[in-house]
Amino acid sequence: MKLGYFYDMELLKNSKIRFSSAVTTSFHIAIWLLALHLVFNLLGILESAYVIFVIGEKFIDEAFIIIPSLIILFYWNSNYLVIRFLNRKSWWKYLVGLTLSFLFLLYLGYYLAWYLLETGYKSHFHDPIEFLDFSLILHFIVIGISTSLGIAKVAMENAKQKKRAEEKQRETELNYLKARVSPHFLFNTLNTIYSLANDEEAPQTINAVLKLSEMMRYMLREATKPKVSLQSEISFLHNFIDLQLLRLSGNIPVSFNIIGRPETQSIAPLLLISFIENTFKHGVSYQTPSPIFIELTIETETITLVTKNTINKKRDTSSSGIGLENVRKRLTYLYPEKHELQIHQRDEVFEVKLTVVL
């Protein structure tokens, strides 16, 4: 019964998507027909088509040259150039791409008109320059409209992504709050263990309890915020690594390097821990050397995390893919179009490189 319900819901969802796509396509066709009628007169275009394709007369209707060029420029600009460059604040790349596209289509239309006139075709215009002047104005209008439409689409998509990120953040916080087991009880218990270790003069235990309490405090008080200082996130990672080394008795060579200054940067909390955790979870072996390399490079606007670990074939790696997939989704929600995640496996080494634009 449940399977049938979900199957029906999936069909309903797909049908809504197809209906929405059909409505959008129909709307675009209607707008194009209206615009072309106002500029060229659709009846005149049909008459020209009859003369050219039925009667077989050697005649040029400028509409048959200009219309494909306008449509190509419109969708190329609004669906690719604006989204690919203007959305990422690459103004000069956008202007260069738009200018080259505009000149190419304009020259192509001019050359085609000139070639047809030279080969004996008749036309309403007597010189390719007349065609060029008319085409130039229409192309400028299309650039203005398509750019405005592309910017509006980008703004709407960014708003949707922001809303999804906020909903995901609220869902994460809710699940986190549900999973929280009386933090006061846990902190009181840690204080008790700390006091016992202090009375028994066990420095390693004291150190471990302090690091664990710092990690818990960070997860309870900071992790629900949209952004935290990068310095706090790094301190959390340091404590995690130190506890792992304590658990492994320090037998695993770990290199954790910080390049740059984290003091002025902020980041979504608990974004990097999954990659660090995976290096220990799937890379530690007690039989063979298994060094772990972690490097965080901090620049003006970006951070780059690189992790490398040997692959322990005896460990179950089935959950690793799930963890990385969850991180991918979170990156997509929190840093859309502002991150790059590369994962490589070379011989016996697993390497991750994450770049995030802060």
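Points worth noting:
Conditions tested, residue by residue: (1) at positive phi; (2) at pLDDT below 85; (3) touching a Lys or Arg at 6+ places or on another chain (Cβ under 7 Å); (4) outside the structural domain of L305 (by TED's automatic domain parsing).
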{"position": "Q231", "(1), (2), (3), (4)": "no, no, no, no"}
{"position": "F236", "(1), (2), (3), (4)": "no, no, no, no"}
{"position": "L246", "(1), (2), (3), (4)": "no, yes, no, no"}
{"position": "S249", "(1), (2), (3), (4)": "yes, yes, no, no"}
{"position": "F256", "(1), (2), (3), (4)": "no, no, no, no"}
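- When residues in segment 78-105 are screened for being closer than 30 Å to E62 by Cβ and surrounded by fewer than 17 Cβ atoms within 10 Å (Cβ to Cβ), 8 of them pass.
- Scanning segment 122-149 for residues that are of a type in the set (F, W, Y) and at pLDDT 75 or above yields a total of 1.
- Residues being farther than 22 Å from L272 by Cα and surrounded by 15 or more Cβ atoms within 10 Å (Cβ to Cβ) - total across segment 203-225: 3
- Test: L196 is surrounded by 12 or more Cβ atoms within 10 Å (Cβ to Cβ), assigned to a helix (DSSP H, G or I), of a type in the set (A, V, I, L, M) and modelled with pLDDT of 75 or more: no
- When we screen N309, N278 for residues that are closer than 22 Å to M215 by Cα and modelled with pLDDT under 90, the only hit is N278.
- Selection within segment 233-272 - assigned to a helix (DSSP H, G or I), over 15 Å from N309 (Cβ atoms) and β-branched (V, I, T): I234
- Candidate set: segment 62-100, residues that are of a type in the set (S, T, Y) and either part of a helix (DSSP H, G or I) or touching a His at 6+ places or on another chain (Cβ under 8 Å) (or both); chosen: the one farthest from E47 (Cα to Cα): Y94
The values are calculated or read from the model by the stated rules, or taken from the named source; none is laboratory data. Every value quoted in this text rests on a predicted model; they were computed, and no experiment measured them. Heads up, the Cβs are rebuilt from the backbone with ideal geometry, glycines too, and the neighbour counts pull from every protein chain shown.
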